[in-house]
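To keep things clear, I will list the structure first and then write my remarks on it.
The values are calculated or read from the model by the stated rules, or taken from the named source; none is laboratory data. Keep in mind it's a predicted model, so treat the numbers as computed, not measured. Reconstructed Cβ throughout: ideal geometry from the backbone, glycine too, with neighbour counts over all protein chains shown. Heavy atoms of the whole protein, side chains included, go into the accessibility calculation; ligands, DNA and RNA do not. Shrake-Rupley method; radii C 1.70, N 1.55, O 1.52, S 1.80 Å.
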Amino acid sequence: MPAHYVEERVKMKLLITGDWHLRGSSPENRIDNFFETQLDKVEQILQLASKNRCQAILCPGDVFDNPRPSFDVLEYYIKLFKKYSIGNSNSDEIEFLTVWGQHDQRFRTKERTALRLMESLGYMQTFKKITYGKYIDIYGCDYGEEIPIIENEDNFNILLIHKTVANKPLWNGHNDFLQSDKLFKNNPYDIIINGDYHLSTSYEYKNQIIYNCGCIVRKTIAEASHTPHVLLITINDEDLTYTLKKVELIYKASDEVFKPEALSREVNVKNAKLQEFISNIKNNEISNSLNFRKNLETMMESLEEPVKQILLKELEIINE
């Protein structure tokens, strides 16, 4: 139980976000200062958490766009977290809870990454299960992991997971997602907060809800129509009732931050996910994973740990 939780405080407040994808460079088709825009969005989130006296911020993975961003990026966000007392080592701080997304990991490992550094410095915390008060349990599920089994279904149970959830394929050929109705049926969580997909989605079944805020900053044309926002959850620790409040972040219209010609092309593109895929390849964000890197990760899964570490060390030397 977090040290700053007081038994007399019967209302617990959480601020929920989508993927952050913190980075220093500007994506293709953005015409603003993307780093400053992203920094502003994060500061808005931290301000909301502080203003609403939230006990924790929950981010569903992909905190960073790259597992090893520049020192400048890390320095800016460390200063910002300090400014708003965000961390996990002091009783007066707002906790930052997250899980490992695929972008946070380096060749499917977690060592020598930005998220690992932020965690070791006490600003962020990855987790498997955290209990607040007597009856509120929050479970964490990293990218690629099995969904944890609820230990006490009488408690108020929240799942934070980095995985796309949908009721049907979101584009042609899409099969890497969790089916929403099966997720409800097999995992009786009260609230499931998911990430991975960058557009906001929500599903409800009886007293259960699945919610994805979507990305906090629109990185690609496929996200141009998305409204950046967060979700405030207030839970009564006595009767376990709760309220949800959607809070929009301050953002500029798409035609102010994206190239006009790119937006015009998007009108004629029916499959937005395909446009995102093409944009990412041009921006060299995933092209290196399509062949060599993907095959290498698959091959390494079957290797013994000592051999895997030798390969990782050599790859880091090459990359540097």
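Residues checked against (1) assigned to a helix (DSSP H, G or I); (2) closer than 23 Å to Leu231 by Cα; (3) out of contact with any helix residue (DSSP H, G or I) (no Cβ under 7 Å at 6 or more places or on another chain); (4) of a type in the set (S, T, N, Q):
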residue	(1), (2), (3), (4)
Met12	no, yes, yes, no
Leu39	yes, yes, no, no
Asn90	no, no, yes, yes
Arg116	yes, no, yes, no
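Does Glu256 satisfy the criteria of being modelled with pLDDT under 95 and either open to solvent by less than 70 Å² (accessible area, probe 1.4 Å) or not in a strand (DSSP E or B) (or both)?
no
When you look at Arg112, is it in a loop (DSSP other than H, G, I, E, B) and either over 18 Å from the mean Cα position of the chain (by Cα) or free of Cβ contacts under 8 Å to residues at least 60 places away in the same chain (or both), yes or no?
Spelling it out, Arg112 is indeed in a loop (DSSP other than H, G, I, E, B) and either over 18 Å from the mean Cα position of the chain (by Cα) or free of Cβ contacts under 8 Å to residues at least 60 places away in the same chain (or both).
Are there any pairs, at least 6 apart or on different chains, whose C-beta atoms fall under 8 Å, with the first in region 234-253 and open to solvent by 50 Å² or more (accessible area, probe 1.4 Å) and the second of a type in the set (Asp, Glu), and if so, which?
These pairs meet every condition: Tyr242/Asp190; Ile250/Asp40; Lys252/Asp32.
What strands (runs of 3 or more DSSP E) lie completely within region 192-236 and have 1 or more residues being under 13 Å from the mean Cα position of the chain (by Cα)?
It comes to 208-212, 229-236.
Note down all Cβ pairs under 6 Å where the first residue falls in region 149-178 and is over 13 Å from Tyr203 (Cβ atoms) and open to solvent by less than 70 Å² (accessible area, probe 1.4 Å), the second is assigned to a strand (DSSP E or B) and among the charged types (D, E, K, R), and they're at least six residues apart or on different chains.
Asn155/Asp137; Asn157/Asp137
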